[in-house]
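**Student:** Input: one structure, supplied below.
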Amino acid sequence: MGFSTVKLPLRQSLSISMPAYLLPSLLILATVGLNTLAQALLKLGSGKNLLNFYLFGGILIYGLSTGLYILVLSKLNLSLAYPVVIGLTVLFTTITGSLLLGEKVLPVQWIGIGLMLSGISAIAFGKPT
């Protein structure tokens, strides 16, 4: 069971080798993290005047997240990237809403997220990139 490596040139005389799946995985995690932060900021800014820090920050960070998602799409198939990014965003946004915003998440909702994650796992690990 081998894996291919990607060489990232730092300088002409220095390069780093990493497993080929590592860069897309890091891009996905960064995309999900930024998207989750943006969603929380948009929620905090909703219901206030249109020009507030939370809305401005949420829109800006959501734009950064979209830029990273485009990089993800350049590395992975859409049929893999989309469900993984959206599924993980649902998970982390729900956790953020619960822990940081004090939203109540019912047990049946957690079961639904668990079922969704099991399906996304089948997609992520069952589909070649």
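**Student:** State yes or no: is residue 78 modelled with pLDDT of 95 or more and either of a type in the set (Val, Ile, Thr) or open to solvent by 40 Å² or more (accessible area, probe 1.4 Å) (or both)? Spell out how you get there, then give the answer.
**Tutor:** Working: modelled with pLDDT of 95 or more: no; either of a type in the set (Val, Ile, Thr) or open to solvent by 40 Å² or more (accessible area, probe 1.4 Å) (or both): yes.
Here the answer is no, as residue 78 does not meet what is asked.
**Student:** Could I ask something else about it? Kindly indicate whether residue 104 is free of Cβ contacts under 8 Å to residues at least 12 places away in the same chain and either in contact with a Cys (Cβ under 7 Å, 6 or more places away or on another chain) or farther than 19 Å from residue 21 by Cα (or both).
**Tutor:** Numbers: free of Cβ contacts under 8 Å to residues at least 12 places away in the same chain: yes; either in contact with a Cys (Cβ under 7 Å, 6 or more places away or on another chain) or farther than 19 Å from residue 21 by Cα (or both): yes.
It is true that residue 104 is free of Cβ contacts under 8 Å to residues at least 12 places away in the same chain and either in contact with a Cys (Cβ under 7 Å, 6 or more places away or on another chain) or farther than 19 Å from residue 21 by Cα (or both).
**Student:** If you scan region 28-70, which residues turn out to be polar (S, T, N, Q) and in contact with a Phe, Trp or Tyr (Cβ under 9 Å, 6 or more places away or on another chain)? I'd like the intermediate steps shown before the answer.
**Tutor:** Within region 28-70, the first condition is being polar (S, T, N, Q), and the residues that meet it are 31, 35-36, 39, 46, 49, 52, 65-66.
Answer for region 28-70, where residues must be polar (S, T, N, Q) and in contact with a Phe, Trp or Tyr (Cβ under 9 Å, 6 or more places away or on another chain): 31, 35, 36, 39, 46.
**Student:** Among the residues in region 78-101, are any of a type in the set (A, V, I, L, M, F, W, C), more than 30 Å from residue 23 (Cα to Cα) and in contact (Cβ under 8 Å) with a residue 60 or more places away in the chain?
**Tutor:** Here is the first cut: in region 78-101, the ones of a type in the set (A, V, I, L, M, F, W, C) are 78, 80-81, 84-86, 88, 90-92, 95, 99-101.
Now restrict to residues that are more than 30 Å from residue 23 (Cα to Cα): 101.
Cutting the leftovers down to in contact (Cβ under 8 Å) with a residue 60 or more places away in the chain gives us 101.
Looking through region 78-101, at least one residue is of a type in the set (A, V, I, L, M, F, W, C), more than 30 Å from residue 23 (Cα to Cα) and in contact (Cβ under 8 Å) with a residue 60 or more places away in the chain.
**Student:** Which one of these does residue 42 not meet: (1) surrounded by fewer than 16 Cβ atoms within 10 Å (Cβ to Cβ); (2) at pLDDT 95 or above; (3) over 30 Å from residue 21 (Cα atoms)?
**Tutor:** Of (1) surrounded by fewer than 16 Cβ atoms within 10 Å (Cβ to Cβ); (2) at pLDDT 95 or above; (3) over 30 Å from residue 21 (Cα atoms), only one is false for residue 42: (1).
**Student:** Now a separate question. Those residues that are open to solvent by less than 60 Å² (accessible area, probe 1.4 Å) and either out of contact with any helix residue (DSSP H, G or I) (no Cβ under 8 Å at 6 or more places or on another chain) or of a type in the set (Val, Ile, Thr) (or both), I need them from region 96-118; list them, please.
**Tutor:** Within region 96-118, 96, 98, 105, 112, 113, 114 qualify.
The values are calculated or read from the model by the stated rules, or taken from the named source; none is laboratory data. From a predicted model like this one, the values you see are computed outputs, not experimental measurements. Every residue, glycine as well, gets a Cβ built from its backbone with ideal geometry; the counts of neighbours run over all protein chains shown. Only protein heavy atoms, including side chains, enter the accessible area calculation; ligands, DNA and RNA are left aside. Shrake-Rupley method; radii C 1.70, N 1.55, O 1.52, S 1.80 Å.
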